[in-house]
Each structure stands twice: as structure tokens, then as C-alpha cells.
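Notes follow once the structure below has been shown.
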Amino acid sequence: MRLDIITCLPRLLESPFSDSILKRAQDKKLVEVIIHDLRPFSTNKHRTTDDYAFGGGAGMVMMIEPIDRCISSLKEQRTYDDVIYMSPDGELLTQALANQFSLKKNLILLCGHYKGVDERVREHLITREVSIGDYVLSGGELAAAVLSDAIIRLLPGVLSDETSALTDSFQDGLVAPPVYTRPAEYNGWKVPDVLLSGHEAKIQDWRHEQSLTRTQKRRPNLNKE
Ligand code: SAH
């Protein structure tokens with residue numbers, strides 16, 4: 001898989017991809033993440049990528065031209081499955097959506113900033129819009145990092161234990177059961193006996209039971225959402 005992330009603030013995207021699982025996935029060549037700075041695609045002499053909003057009002061708007069030039073240059077090199085704009089009013093990111101994107105080959109993620117992008121970008125250059133939740137961030141970079149993480153950890157070979165992603169919350173419409181590690185007793189707080197029993201079938205049953213009751217209690221609408 002290849003992810004091309006377009007931003008006017010590339011430094012905001014440095015650290016999420018330079019550690020832990022996301023870094024290893026790139027080192028293992030399971031995914032290629034390329035960050036594109038919009039600035040060089042600007043045509044004016046100050047290399048700006050935003051301008052005042054027509055009609056007035058507070059906040060700058062990202063211009064269509066640098067974005068179009070950047071996307072076009074990428075499209076000349078390969079075919080993209082989707083060009084995604086990170087947007088608070090986009091399709092809400094769920095595990096199901098992450099699963100869907102994890103099957104794609106080439107994706108462009110466009111990060112907005114300020115008041116967002118010129119509407120014509122959304123009308124003509126974008127194929128999908130994704131929101132990471134009903135709140136507003138100052139830029140699309142963190143949202144793009146969240147979406148990328150959710151996708152990349154699903155790619156075969158990225159997680160060391162292949163079954164790990166499948167036992168996470170939401171994959172089967174349930175939240176995950178509780179987990180424990182050593183010591184078996186701390187301050188008198190004990191790990192449930194069954195987990196120390198070594199009885200694989202009983203452990204599986206207990207975990208499933210816990211998932212069910214937790215889902216009921218914490219996210220009763222999970223399967224209806
Ligand atoms: N004026 C816009 C918000 C702009 S926020 C509005 O009211 O809808 C600036 C940028 O941050 C957006 O262009 C988008 O790329 C990103 N962003 C903000 N909140 C987001 C969210 N919940 N999910 C995804 N991207 C978000």
C-alpha cells in the first residue's frame with residue numbers, strides 16, 4: 001500500500017510515522033507513506049497556499065491551485081483508489097471504514113487547515129471525505145495520522161501477532177475483554193482466576209462473556225450505530 005499525504009505543515013506529520021508500529025510497517029516495506037509539502041506547488045512568489053475568503057469573514061482558505069497541481073502530479077505517476085479529504089463533516093471513521101481502506105493500494109489523504117479548502121477542491125478533486133469525530137481540529141494532519149494508523153495496523157504482517165487486530169474492539173461488533181499482566185496480585189488486587197488456569201477453552205469463554213457484557217454496558221448501540 002502507498003499513502004500520499006498532502007499538507008501545508010509537513011512537520012506535524014513527522015513523529016506519528018517515525019516510531020513503533022507505523023515505522024516498522026514502513027521499514028518492512030508493507031506500506032509506503034509519503035508526505036507532500038504543498039508549498040512548492042504554490043505559483044505565487046511568496047509560496048503561499050492560502051488566501052482570504054471571498055465574501056469576507058475570519059479565517060484563511062486553502063487555495064485550489066497548489067492542491068490541484070500536487071494531486072495531478074501524483075495521478076500522473078499512478079492510479080489512486082481514492083483521494084480523501086479529512087473533514088469534520090465527512091463520513092465518520094469506523095473500524096468498518098478502516099477495514100475497507102486497508103484493502104486499497106494507493107490513497108491520497110488531503111489535510112485541510114485554517115477554514116478548510118476551497119469548496120471546488122471538494123467538488124472536483126476529492127472522491128471521499130472522512131471525519132475522525134464530531135469535533136473540530138485545527139488541521140487535518142492529526143486526523144490523517146489517525147486514519148493512517150487505523151489502516152496500516154490492519155495490513156498483513158504489520159502486527160507481529162497476526163490475530164491481534166482481529167481480537168481488538170469493534171472487529172466483531174464487540175468491545176475487547178479486559179487484559180492483565182504480571183504480577184498476578186498487586187496491592188491485594190487479583191487477576192481473575194480463570195486467566196491463570198491454563199484452561200484455553202475456559203479462557204476463551206470467559207473473554208467472550210466479558211466482551212458481551214462490556215459491549216452491553218458500555219456501547220449498547222454498537223451494532224446499531
Ligand atoms: N471550518 C471548518 C473546519 C476547519 S478545521 C468547519 O467548520 O467544518 C481545519 C481542517 O482541519 C479541516 O479542513 C480538516 O482538514 C481538519 N479537521 C478538523 N476537524 C476534523 C475532524 N473531526 N476530522 C477530520 N479532519 C478534521
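The table below gives the values:
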item	result
Of Y186, T163, Q210, farthest towards positive along the dipole that unit charges on Lys, Arg, Asp, Glu beta carbons give the chain	Y186
Dipole moment magnitude, nearest 20 debye, the chain about Cα centre, only Lys, Arg, Asp, Glu C-beta charged	280
Distance between modelled label sites at K217 and S20, nm, 7 Å Cα→Cβ extension	2.6
Cα-Cα pairs of the stretch 89-173 separated by more than 14 Å (percent)	68
Among R182, R214, R78, residue whose mean-square fluctuation peaks in a GNM of the chain (springs only between Cα atoms under 10 Å)	R182
Expected 222 nm ellipticity per residue - DSSP helices of 4 or more, -39500 (n - 2.57), all of the chain, to 500	-9500 deg cm²/dmol
Solvent-accessible ranking of Y85, Y186, largest area first, probe 1.4 Å	Y186, Y85
Net charge of Cβ neighbours under 12 Å - reference L196; Lys, Arg +1; Asp, Glu -1	+1
1.4 Å probe accessible area per residue over the chain, in Å²	61
Between the stretch 106-139 and the stretch 14-90, the Cα center-to-center distance that results, in Å	10
Surface share of carbon and sulfur [accessible, 1.4 angstrom probe, percent] for the stretch 1-104	52
Which of I6, I64 is most accessible, then next, and so on - probe 1.4 Å	I64, I6
Counted charge near S138, where neighbours are those whose Cβ lies closer than 15 Å (Asp, Glu -1; Lys, Arg +1)	0
Net charge dipole size for the stretch 1-120 [Lys, Arg +1 and Asp, Glu -1 on Cβ; Debye, nearest 20]	460
Listed residues H199, A176, G140: farthest to the positive end of the dipole of the chain (Cβ charges)	H199
Charge tally in the Cβ shell below 10 Å around R128, where Lys, Arg are +1 and Asp, Glu are -1, R128 excluded	-4
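The values are calculated or read from the model by the stated rules, or taken from the named source; none is laboratory data. Only a predicted model underlies this, so the values are computations on that prediction, with no experimental measurement involved. FYI the Cβ positions are ideal-geometry reconstructions off the backbone, even for glycines, and counts take in every protein chain you see. Each accessible area value is taken on the protein alone, full model and side chains, heavy atoms only, with ligands, DNA and RNA left out. Shrake-Rupley method; radii C 1.70, N 1.55, O 1.52, S 1.80 Å.
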